[in-house]
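The values are calculated or read from the model by the stated rules, or taken from the named source; none is laboratory data. Quick caveat: nothing in here was measured; it's all calculated off a predicted structure. All Cβ positions, glycine included, derive from the backbone under ideal geometry; neighbour counts span all protein chains shown.
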Amino acid sequence: MSYLGEFEHLVMLALVRLNDNAYGVSVRQEIEARTGRDVSIGAIYATLDRLETKGYVKSRFGDPTPERGGRSKRFFRVTARGVEAINRTHDAIQSMAQGLDRIRSLA
Amino acid sequence: MTSPPRFALWLIGLFSPDEAIPGDLLEEFSTVASNNGTRHARRWFWRQSGRTIAHLAWSQFRLAPWSTLATVLAGYLFVWLCVPPAIVKSAGVLLGRYPVYEYVSAPAFWWICDVLVGEVIAPMLVGLLVARLSKNREMLVTSLLVGAIVVVGGTTLLSFLWWPLGPHSTVLFWHTDHVVVLDVLIGLMLMPSAILMGGIVSRKGGRRRLSIA
């Protein structure tokens, strides 16, 4: 039973949000728009490849498009194991954060 | 129509496992260029390319660190163990078949053999071989091998150049024979380029076979 790393968690949540339109550019932009983090495409793909090896995501190639110089998009989607991993990580974080709101307000 | 830096795009293509990453960068380049202008977009592209290559190289290394290091070490040993015999062997073949010394002096012939075989052909074959041994990590392995050769070769050269002269110094010729120093410098430039070329040939060849299949 393993948990997602911080960046893996962000990428997985971006995939869930983007649903059928999750590919390198859209994932990068989603993370940048919601967290303000300027991440490189390489970081996104390195994480996605690692998640695919773990069986948390699956990928497929789309059709080549002219604005991409005739290159295909690689679409990603979260698998059932991936959903389990997201929930497990969420539960762990929520459990750890429970009751800490008051402490933070006192700081 | 604005185009991204071709060299950066080519480099990305060498390190990325498929065409999706260069495609993503091209797509975003068009958006950045239309929003912020071509100059900004080209700078953005270079920055993204550098960071992307670093990430890809690191993730390729993390995937198989020991086999990567073993291949680099094998390549390194192969360069130093097999290149000198290759020079002698190829020179021997040429001398056996053709009256070489009638056309060119012995030192010039051996220098040409040393440069052509020892610093171009044999290292290129080593680059090709290590790249073949490390599928999908061709450029990482050849780059690490080149890095090792440049660091060790460069350090050795510098230490020889700065070695204090003494009555029993065995490295006196490094201080006096500039031709030797120049020869080593040429080797330090040619050999890494040839190894990288071998890696690139293997990478591009592998891609072509993949697309035909």
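Screening A:Arg68, A:Arg28 for residues that are under 14 Å from the mean Cα position of the chain (by Cα) and within 21 Å of B:Leu9 (Cβ to Cβ) leaves exactly one candidate, A:Arg28. Within region B:14-45, being surrounded by 15 or more Cβ atoms within 10 Å (Cβ to Cβ), more than 9 Å from chain A (Cβ to nearest Cβ) and either under 29 Å from the mean Cα position of the chain (by Cα) or under 19 Å from A:Glu30 (Cβ atoms) (or both) holds for B:Leu14, B:Phe29, B:Val32, B:Arg42, B:Trp44, B:Phe45.
Once region B:58-69 is narrowed to residues that are among the aliphatic types (A, V, I, L, M) and more than 9 Å from chain A (Cβ to nearest Cβ), the residue that is nearest to A:Glu52 (Cα to Cα) is B:Ala64. When the residues of region A:43-59 are filtered to those that are outside any helix (DSSP H, G or I) and touching a residue at least 24 places away in the same chain (Cβ under 8 Å), which remaining residue is surrounded by the fewest Cβ atoms within 10 Å (Cβ to Cβ)? Result: A:Gly55. Just to verify a result, which residue in region B:90-148, among those that are farther than 18 Å from B:Leu188 by Cα and among the polar types (S, T, N, Q), is surrounded by the fewest Cβ atoms within 10 Å (Cβ to Cβ)? So the residue we want is B:Ser105. Only one of the numbered conditions (1) surrounded by fewer than 22 Cβ atoms within 10 Å (Cβ to Cβ); (2) away from chain B (no Cβ under 13 Å) is violated by A:Leu15, and that is (1).
With away from chain A (no Cβ under 11 Å), within 24 Å of A:Asp49 (Cβ to Cβ) and not in a loop (DSSP other than H, G, I, E, B) as the only criterion, which of B:Val72, B:Val93 stands out? Testing whether each residue is away from chain A (no Cβ under 11 Å), within 24 Å of A:Asp49 (Cβ to Cβ) and not in a loop (DSSP other than H, G, I, E, B) leaves just B:Val72. If you filter region A:60-107 down to residues that are within 30 Å of B:Pro4 (Cα to Cα) and buried (at least 17 other Cβ atoms within 10 Å of the Cβ), you find that the one that is modelled with the lowest pLDDT is A:Gly69.
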